[in-house]
1. Identify, from the list V95, V169, the residue that is within 18 Å of A356 (Cβ to Cβ), in contact with a Leu (Cβ under 6 Å, 6 or more places away or on another chain) and either more than 13 Å from the ligand (Cβ to nearest atom) or open to solvent by 10 Å² or more (accessible area, probe 1.4 Å) (or both).
2. Check segment 272-284 and report whether any residue there is among the charged types (D, E, K, R), in the same structural domain as E333 (by TED's automatic domain parsing), in contact with a strand residue (DSSP E or B) (Cβ under 9 Å, 6 or more places away or on another chain) and not in a loop (DSSP other than H, G, I, E, B).
3. Any residue at all in segment 126-143 that is away from the ligand (no atom under 16 Å from the Cβ), of a type in the set (A, V, I, L, M) and free of Cβ contacts under 8 Å to residues at least 12 places away in the same chain?
4. Take segment 217-228 and flag every residue that is within 16 Å of the ligand (Cβ to nearest atom) and in contact with a Leu (Cβ under 8 Å, 6 or more places away or on another chain).
5. Report yes if V94 is farther than 24 Å from I245 by Cα and among the β-branched types (V, I, T), otherwise no.
6. Taking E310 and the conditions (1) open to solvent by less than 20 Å² (accessible area, probe 1.4 Å); (2) closer than 19 Å to A345 by Cα; (3) of a type in the set (D, E, K, R), which numbered condition does it fall short on, given that it satisfies the others?
7. Mind counting the residues in segment 51-71 that are touching a helix residue (DSSP H, G or I) at 6+ places or on another chain (Cβ under 6 Å), within 18 Å of A103 (Cβ to Cβ) and part of a loop (DSSP other than H, G, I, E, B)?
8. More than 16 Å from the ligand (Cβ to nearest atom), farther than 22 Å from I115 by Cα and either outside the structural domain of R242 (by TED's automatic domain parsing) or in contact with a His (Cβ under 6 Å, 6 or more places away or on another chain) (or both): which single residue out of A47, A24 fits that description?
Amino acid sequence: MIPAPICIVLGTRPEAIKLAPAIARCRRSSVLDTQVVLTGQHKEMVAQVMDLFELQADCDLEIMRDRQTLTGITCRSLQGLERLWQTSKPPRLVVVQGDTTTAFAAALAAFYQNIPVGHVEAGLRSNDLLNPYPEEANRRLIAQIAQLHFAPTPAAVENLQRAAVTGAVHLTGNTVIDALLATAMRQPSCHIDGLDWEHYRVLLATVHRRENWGEPLQAILSGFQTILNKFPDTALLLPMHRNPIVREPIRATLERHPRAFLTEPLDYAQLVGAIQRCSLLITDSGGLQEEAPSLGKPVLVLRETTERPEAIAAGTARLVGTDTASVVAAASELLANAETYRAMATAVNPFGDGRAAERIVALIERYLGVSAATIPEYSLAEKLT
Ligand code: UD1
């Protein structure tokens, strides 16, 4: 049988992490001919992940610009993908992941070429169109176009059913757990110059969300400063996103603090090593809300809403918003009260069992009629640590 051509499109670091397990599996499939296309929305941050998972892309549209706009990312991706699929044999399925502008633009570009779309991590909803911005809109728009919806949790399945999407909805688990398990198994280290993990309780923080740019980000950073001053046995590890709009205020506020370690983005293995060693996470990232609970670490979420209610319901994540006082209060409670800490530090993993990619690839093969492989039943791993 001639292998069925499919195209996996990705552009940012989280897409690379979450698609890596599926790409590796697709490449091993004898019935799929897999092309991996980078839009290039991110450059260095994607290259790191591709190297770690030993993956190669077939094509890079190189769309990244300094201080790029959503319109720019969308237009350059649409045009690049149109050119690609018009000048070479078009794939039978385009696979996108999550809710970035790359994912939305790739789904739309595929729709314009009459190519069906498979959506990995489908069905997440915060139910607030502006939070996170523009991701909530991106994922809703992709859901209207996709023919195959790979939902990571039962709640995501329900969201898609409520939205009455066309196409098939499948419960697969989240591929982030596949990537996390494969990485944690290698027992990654995390060396940061000058940071003694034994000596300090380390707060691992990340901030990058568009809706937090400006005043909310400044309020969060003041909160970090206050926490460091209030608890002299703590250190802050803050791997800075590459975006200068985010970097400049971080540097201006925290660079001179002796216990603030501002670093380049950590590669994924180092990041997993840091989660394993830190005391708690303070973040506006989506992926960390899934990874940290799986490794038994409490997460304070620097947002007003979340599309990942599973970790909140399980008690390991808490929404604290972006207000200085509430960030300080929530972190202080965890740092000062061992009982509160213990209650939140229970390892739960509502996001999958590490076999999501296997299910997704089997479902793709079935959809394309190239294999009748059985799909492993959905389950949750009890504990990953
Ligand atoms: C994007 C996604 C967001 C995801 C995040 C993960 C959208 C709208 N947002 O946001 O959902 O959570 O990625 O990081 O798709 N830059 C570099 N090198 C890199 C990466 C970024 O220099 O490797 C800089 C560039 O100046 C770029 C800026 O970061 O202009 C912002 O990148 P962009 O992709 O526009 O937004 P993110 O905030 O990364």
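The values are calculated or read from the model by the stated rules, or taken from the named source; none is laboratory data. Just so it is clear, the model here is predicted, and its values are computed rather than measured. Glycine gets a Cβ as well: all are built from the backbone with ideal geometry, and neighbour counts include every protein chain shown. Protein only, heavy atoms only, side chains kept; ligands, DNA and RNA dropped before computing areas. Shrake-Rupley method; radii C 1.70, N 1.55, O 1.52, S 1.80 Å.
1. After ruling out the rest, the residue left standing is V169.
2. Yes, segment 272-284 has at least one match.
3. No; the residues of segment 126-143 include none that is away from the ligand (no atom under 16 Å from the Cβ), of a type in the set (A, V, I, L, M) and free of Cβ contacts under 8 Å to residues at least 12 places away in the same chain.
4. I220
5. Answer is yes for this residue.
6. E310 satisfies every listed condition except (1).
7. 3
8. When all the criteria are applied, what remains is A24.
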